[in-house]
1. Has the stretch 25-46 got at least one residue that is of a type in the set (Val, Ile, Thr), loosely packed, with under 15 Cβ neighbours inside 10 Å and either modelled with pLDDT under 80 or under 25 Å from the mean Cα position of the chain (by Cα) (or both)?
2. Go through the stretch 91-113 and give me each residue that's without any contact (Cβ under 8 Å) to a residue 24 or more places away in the chain, β-branched (Val, Ile, Thr) and in a helix (DSSP H, G or I).
3. Regarding Gly84, is this residue more than 17 Å from Phe46 (Cα to Cα) and free of Cβ contacts under 8 Å to residues at least 40 places away in the same chain?
4. Could you tell me whether the stretch 68-78 includes any residue that is touching a Pro at 6+ places or on another chain (Cβ under 9 Å), at pLDDT 90 or above and closer than 30 Å to Glu110 by Cα?
5. Would you pick out the residues in the stretch 34-72 that are in contact (Cβ under 8 Å) with a residue 24 or more places away in the chain and of a type in the set (Val, Ile, Thr)?
Amino acid sequence: MTNQSPGNAIRRKNRASTKLQPDWWSKSFAGAVLGLTLALALAGLFAWVGPGGLYAPDKRQFVMWMIAPLWVTVFSLVYLIPTGKRALLILGGLNLLAFGLLFLVRFISEGRV
């Protein structure tokens, strides 16, 4: 006699859903590596475009301390993305966009364009 009651199916489903999902590793990797590089690019953009220009007093210290909150924010929000592959694609695209803007701003600010 098999035990096919709805309660058993729910318990089995709950046990299966509490396991560490395989794509959590890719999400964690995306948040750790791509989140850090995104935070660096965003902090760099703020340094170049933010108030007071690049050489404002104490701006370097402020930009340095901006990196950690930005990184933690990206790292925590990456788990809201449905799959690890999509997290890698989204953060990779955001990195390309942020670094592209950073290099564009630098070249314009240095008068190379």
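The values are calculated or read from the model by the stated rules, or taken from the named source; none is laboratory data. All figures in this text were calculated on a predicted structure; none of them were measured in a lab. As a convention, Cβ positions derive from the backbone with ideal geometry for all residues, glycine included, and neighbour counts pool all protein chains shown.
1. Within the stretch 25-46, one or more residues are of a type in the set (Val, Ile, Thr), loosely packed, with under 15 Cβ neighbours inside 10 Å and either modelled with pLDDT under 80 or under 25 Å from the mean Cα position of the chain (by Cα) (or both).
2. The one that is without any contact (Cβ under 8 Å) to a residue 24 or more places away in the chain, β-branched (Val, Ile, Thr) and in a helix (DSSP H, G or I): Ile108.
3. No, not satisfied.
4. For the stretch 68-78, residues touching a Pro at 6+ places or on another chain (Cβ under 9 Å), at pLDDT 90 or above and closer than 30 Å to Glu110 by Cα: absent.
5. Thr37, Val49, Ile67
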